[in-house]
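Comments concern the structure below.
Bear in mind that the values in this text are calculations on the coordinates, not laboratory data. From a predicted model like this one, the values you see are computed outputs, not experimental measurements. Using ideal geometry, Cβ is built from the backbone for each residue, glycine included, and neighbour counts are taken over all protein chains shown.
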Amino acid sequence: MNSEIFRLNFEDLLWFLFIILAILNIRGDYDEKKYIESHYDFYDKEANHIFTLTLTITFFIYLYFLVRNYRNYMRVPSYQKEAYLIRLFGSCFLVAGVFLLLVFQKMK
């Protein structure tokens, strides 16, 4: 199978995983609401566990995109480097942002 097609199929799976993560975050929000209403610690712990899990998985997904964008940057001709550098910086910011969210979630 062509490596480009394999990569695109893999990225399709990642987008499907994002959908699952969004559903899990909705569940975490529901648990947060239940905690606010009942002050039952179970809901708070479950919501925090869900948020930590989804942020960790998201971190690794964005790390994959960072590596992919770095490889693409290294392969493109010099006249395209600037555009690919912007993509690479965007990936760096996403990875850093999710990492900081994860740190904040763990400190909570």
Checklist outcome for this item: Restricting to aspartates and glutamates and to Cα separations under 14 Å from residue 34, and discarding same-chain partners fewer than 8 apart, the set is 44, 46
Next on the checklist: Restricting to DSSP loop positions (anything but H, G, I, E, B) with no more than 16 other Cβ atoms inside 10 Å of their own Cβ, which chymotrypsin sites (Phe, Trp or Tyr not before Pro) remain in segment 1-105?
Outcome noted: 40
Next on the checklist: With angles folded into 0 to 90 degrees, how steeply does helix 3-38 sit against the dominant principal axis of the chain? Use alpha carbons for both and round to 10.
Outcome noted: 20
Next on the checklist: Of the candidates 61, 23, 50, which one comes out as most mobile in a Gaussian network treatment of the chain with C-alpha springs shorter than 10 Å?
Outcome noted: 23
Checklist outcome for this item: For the chain, the longest principal axis of the Cα atoms and the Cα long axis of helix 41-75 enclose an angle in degrees, to the nearest 10, of 0
Checklist outcome for this item: In deg cm²/dmol, rounded to the nearest 500, the helical mean residue ellipticity at 222 nm of the chain, built from -39500 (n - 2.57) for every DSSP H run of length 4 or more, is -33000 deg cm²/dmol
